[in-house]
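Structure record follows, encoded as structure tokens.
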Amino acid sequence: MFPSAREKSVQCWICGKSASSGEHKLKASDLRALFSNVSQQRPLFLHTQAKRNLRIGSIKSSQALKSRALLCHDCNTSLTAPYDRAWEKLSKHLRSARGLRKGSIVKISKIYPGCTKQGMLNVHLYFVKIFGCAIQEQEIPIDIGPFQQAILKGVAHPNLQIAIGVNKSMATGNSDLELASLNGKPAFATWFYVAGSIAVNVMYAEPNERRQGLIGSWHPSTISKRLALLEY
Ligand SMILES: [Zn+2]
């Protein structure tokens, strides 16, 4: 670990309080659904750009699966638990659905009965959290302020768009983030959260951005009762 990362890890990047734990980059429930019974005797092997065949003996406690951007206990539990649970529900629903393909329609009201708007806002906020961890950990030059505010206030990040699709081509994990700048300022950033057959394209886009990846994406202000799947 580099000294700068260690210094930064003292405080929770969301609220500034004393931090204690790192967030799983890929949700532990997604990993457990894909790789059952991981143990020291039956390890998983993680490949990153820096290292190959990193031995994972526990999904719950392996530091290699977690972000180095740390959170305090409150932010990691009570504050963001509803966001985590919302993604868990959608992820589970998509994983168990049969025959999903490009253009398939997911009825959100079945996943969050009576609270579709809140459910999808919470999914959005889950990815705001994971995106914020990546910004902090990798020192990506995107303003972290709106990410903090969205999570603390439970409101949408105005520049964060999400597209969800069937995964045909990518390995499970978090892809590297690609960032495009305009006049020296971040204009568009894109990365993928891949869990088996499901891929989530998480994008940061300034209002005037017209990018291919944004086609078919959604924001809590635009989503209604149906989610149309893409394909990656
Ligand atoms: Zn905190």
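The values are calculated or read from the model by the stated rules, or taken from the named source; none is laboratory data. Fair warning: this is a prediction, and the values are worked out from it, not measured in the lab. Glycine also receives a Cβ, built like all others from the backbone with ideal geometry; neighbour counts cover every protein chain displayed. Side chains included, ligands, DNA and RNA excluded: accessible areas come from the protein's heavy atoms. Shrake-Rupley method; radii C 1.70, N 1.55, O 1.52, S 1.80 Å.
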Exercise. Identify the single condition in (1) under 12 Å from residue 198 (Cα atoms); (2) buried (at least 19 other Cβ atoms within 10 Å of the Cβ) that residue 97 does not satisfy, given that it satisfies every other one.
Key: (2)
Quiz item: Which of the residues that make up region 170-215 are of a type in the set (S, T, N, Q), in contact with a Lys or Arg (Cβ under 9 Å, 6 or more places away or on another chain) and open to solvent by less than 30 Å² (accessible area, probe 1.4 Å)?
Solution: 190
Self-check item: Residue list for region 121-150, filter: open to solvent by 10 Å² or more (accessible area, probe 1.4 Å) and free of Cβ contacts under 8 Å to residues at least 60 places away in the same chain
Solution: 122, 138, 140, 141, 143, 145, 146, 149
Practice problem: Spot the failing condition for residue 89; the list is (1) open to solvent by 50 Å² or more (accessible area, probe 1.4 Å); (2) within 16 Å of the ligand (Cβ to nearest atom), and only one is missed. | Solution: (2)
Exercise. Output the strands (runs of 3 or more DSSP E) that fall wholly within region 3-85 and possess 3 or more residues being surrounded by 13 or more Cβ atoms within 10 Å (Cβ to Cβ), within 16 Å of the ligand (Cβ to nearest atom) and in contact (Cβ under 8 Å) with a residue 40 or more places away in the chain, or say none.
Key: 21-24, 66-71
Quiz item: Do you know which residues across region 106-120 are exposed (fewer than 11 other Cβ atoms within 10 Å of the Cβ) and small (Gly, Ala, Ser)?
Solution: 114
Quiz item: If a residue has to be at pLDDT 85 or above and small (Gly, Ala, Ser) to count, how many in region 40-84 make the cut?
Solution: 3
Practice problem: Tell me which residues, restricted to region 86-108, are assigned to a helix (DSSP H, G or I) and of a type outside the set (Phe, Trp, Tyr). | Solution: 86, 88, 89, 90, 91, 92, 93, 94, 95, 96, 108
